[in-house]
1. So, in the stretch 152-200, of the ones that are in a helix (DSSP H, G or I) and in contact with a strand residue (DSSP E or B) (Cβ under 6 Å, 6 or more places away or on another chain), which residue ends up farthest from residue 219 (Cα to Cα)?
2. Which of the residues that make up the stretch 218-258 are within 19 Å of the chain's Cα centre (by Cα), in a loop (DSSP other than H, G, I, E, B) and closer than 20 Å to residue 166 by Cβ?
3. Can you go through 113, 139 and tell me which one is over 24 Å from residue 227 (Cβ atoms) and loosely packed, with under 15 Cβ neighbours inside 10 Å?
4. Sort through 137, 86, 94, 123 and tell me the only one that's in contact with a helix residue (DSSP H, G or I) (Cβ under 9 Å, 6 or more places away or on another chain) and at pLDDT 95 or above.
5. State yes or no: is residue 86 buried (at least 17 other Cβ atoms within 10 Å of the Cβ) and within 25 Å of residue 182 (Cβ to Cβ)?
6. Quick check on the stretch 297-310. Is at least one of its residues modelled with pLDDT of 80 or more and not in a helix (DSSP H, G or I)?
């Protein structure tokens, strides 16, 4: 069996029917397989339709992972995420094509690469307050940006979760929001009343008129479309750099900085690790345990800053086979992009 047929089965049949992935997770899986196909063609110097599943041994997979890390300059976490996708693909091979069990088993035995643990990069409360104060509310995007920043700090939500919020997800009377997180699971999170007021003002007075297809979305960009997670990333980076020009941002995700800051604030306030896990929407408690590993001096420093600057949550269909010519790489790439 050729690799293209198996990837087609994986992306169009297996994942939709068995995994229940969010759109962003599915696109990450798709992009991994797209990178993998391109790598295989270069590695074997032949068309993807001529590459057999039995040719995909651990040496090929490891070469692909090294290519990602060395040539594409992916971090170890991204490398491991790509490997997880390939292992998911191998499990599909086991399920539908048991004759390739040996190939699949060998892929599943490839270990993740260990990465050096980084300390959590959290903002001090006075830094968060300064970031908020530097947002220019006279600009058209001012109330949108301050709403997002406050919401990130209150909820600890991911950029993708904020991007997909609908207006109906906000309970203005009870200061609560419904967040759709990983695994398509909703969680309800309390937000500061001040944040609720800011969002209300944004909706009533500053929210651009959206295209009809995006009318339910909470955050809209200047073109009338839903603000993306990349847009949220950019605005967080812009406001952090503006307010804290000396802050070292290399290797730091500006959105996750607010997420970490939310978690550390909860920890200092005495929240249990289970409460923090549920608040952040972590599937695995291990993900939350990193906040217990902050060194003692850092904890003391954070607590002192917190006490000095005490602020409550910071105030203020045609058949696919007819559309795709699997022998032609360009059309195969177009198909990947269409998913």
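The values are calculated or read from the model by the stated rules, or taken from the named source; none is laboratory data. Predicted model only: the values in this text are computed from it and were never measured. As a convention, Cβ positions derive from the backbone with ideal geometry for all residues, glycine included, and neighbour counts pool all protein chains shown.
1. Step by step, filter the stretch 152-200, then rank; the result is 155.
2. Listed by number, the residues that qualify are 218, 219, 227, 228.
3. Going through 113, 139 in turn, just one is over 24 Å from residue 227 (Cβ atoms) and loosely packed, with under 15 Cβ neighbours inside 10 Å: 113.
4. Residue meeting the stated conditions: 86.
5. Yes: the conditions hold for residue 86.
6. So far as the stretch 297-310 goes, no, none of its residues is modelled with pLDDT of 80 or more and not in a helix (DSSP H, G or I).
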